[in-house]
Amino acid sequence: MPGARARVARASRIYVEGRHDAELIAQVWGEDLKIEGVVVEQLGGVDDLVDIVAEFAPGPGRRLGVLVDHLVTGSKEARIADAVRRGPGGADTLVVGHPYVDIWQAVKPQRLGLAAWPDVPRQVDWKHGACQALRLPHADQADIARAWRHIRSQVRDWNDLEPALISRVEELIDFVTHPAR
C-alpha cells in the first residue's frame, strides 16, 4: 500500500539477529511493518536472549518475535530458543529461525548469477568464502559491507528471497500483530 499512513508503534516488537538481517527485512517488509506499527530491532547475537526477553517483559499486549540465524535441531541456537519458551514471557514470545548460516543465503542465488550459494569450508569465514565465489573483494569489513550492499541491491521484493525466510518473517509479523488468545 504505497502512500498508506504509518500506524503508531505497537508495544510488540520483532528482534532479528544481526544488522544484515534487519536491513533485508526493512527493505522487503518495511512498508507493511509501518502500516502494522511493528518495530524491528537488531540483536547483536542470541547468547543472552533469555535475559533480553526477560528485560522486554512480554505479555498478552506486548508480544515479542525473534528471528534467529541457523536455527537447526541440536544447535546452540535451538537450546537458547527452548530456554526462552520455558522462561518468563515464553508464552508471548515466538522464536523462529531460518536454516542459513548467514542471511545472505536467503537471497535466491540466481539473483546473483549463481546456480547455488557456495559450500564454504568451516575454517573459512562464510562471508569471505561467499565473496570469493562471487568474485567480490573481501579483504576487510568495508569490502564485506560493499558486497552486502551489492547482494541486497539485487533483491526487488520477497520473490527474490527463499521461502524458508519468507514464511518465518510472515509468521513473526502475524504473531506480534494478533492478540494472544
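Coordinate-derived values only; no laboratory data. It should be emphasised that the depicted structure is a prediction, and the values quoted were computed from it without experimental measurement. In this analysis, Cβ positions are derived from the backbone assuming ideal geometry, glycine residues included, and neighbour counts consider all displayed protein chains.
Remarks
- Spacing of the two label points (7 Å from each Cα toward its C-beta) at Asn159 and Ala139, in nm: 3.9 nm
- Looking at the chain alone, DSSP beta bridges between its own residues are antiparallel in about 10 percent of cases.
- Estimated vicinal HN-Hα couplings, Hz - region 65-70 in sequence order (Karplus 6.51, -1.76, 1.60; Gly, Pro = x): x, 10, 9, 10, 6, 6
- Loop-located trypsin sites (Lys or Arg not before Pro) in region 1-51 whose Cβ has at most 11 other Cβ within 10 Å (DSSP): Arg5
- Test item: Cα-centred dipole of the chain, Lys/Arg +1 and Asp/Glu -1 on Cβ, debye: 320 debye
- Built amide H within the under 5 Å cut-off of Val16, gap 5+: Glu41, Gln42, Leu43, Leu67
- Net charge dipole size for region 48-124 [Lys, Arg +1 and Asp, Glu -1 on Cβ; Debye, nearest 20]: 220 debye
- Karplus-based coupling profile of region 76-85, in residue order and whole Hz: 4, 4, 5, 5, 5, 4, 5, 5, 5, 4, with θ = phi - 60° in 6.51 cos²θ - 1.76 cosθ + 1.60 and x standing for Gly or Pro.
- Rounded Å value of the spacing that divides the Cα centres of region 103-179 and region 1-56: 18 Å
- Between Pro58, Gln42, Gly18, the Cα set farthest toward the positive side of the dipole of region 1-62 (charges on each charged residue's Cβ, about the Cα centre) is that of Pro58.
- Backbone HN-Hα couplings from phi across region 113-125 [Karplus 6.51/-1.76/1.60, Hz, Gly and Pro as x]: x, 10, 6, 7, 5, x, 7, 9, x, 4, 7, 9, 4
- Tilt relative to the chain, helix 141-153 - C-alpha long axis, 0 to 90 degrees, to 10: 80 degrees
- In plain terms, the chain from Arg146 to Ala9 could stretch by 46.2 nm, reckoned as 0.36 nm per residue minus the Cα-Cα distance.
- Here region 29-92 is assigned +1 on the Cβ of each Lys and Arg and -1 on the Cβ of each Asp and Glu. Its dipole about the Cα centre then comes out at about 260 debye.
- Cα convex hull of region 57-181 - mean projected area over all directions, nm²: 9.3 nm²
- Using the Cβ of Glu17 as centre and a radius below 9 Å, the other residues enclosed give a net charge of -3, where K and R count +1 and D and E count -1.
- Under 5 Å between amide hydrogens, built in the peptide plane, is the criterion, and for Val95 it picks out Val66 among residues at least 5 positions away or on other chains.
- Positive end of the dipole of the chain (Cβ unit charges, origin at the Cα centre): among Gly97, Asn159, Val68, the Cα lying farthest that way belongs to Asn159.
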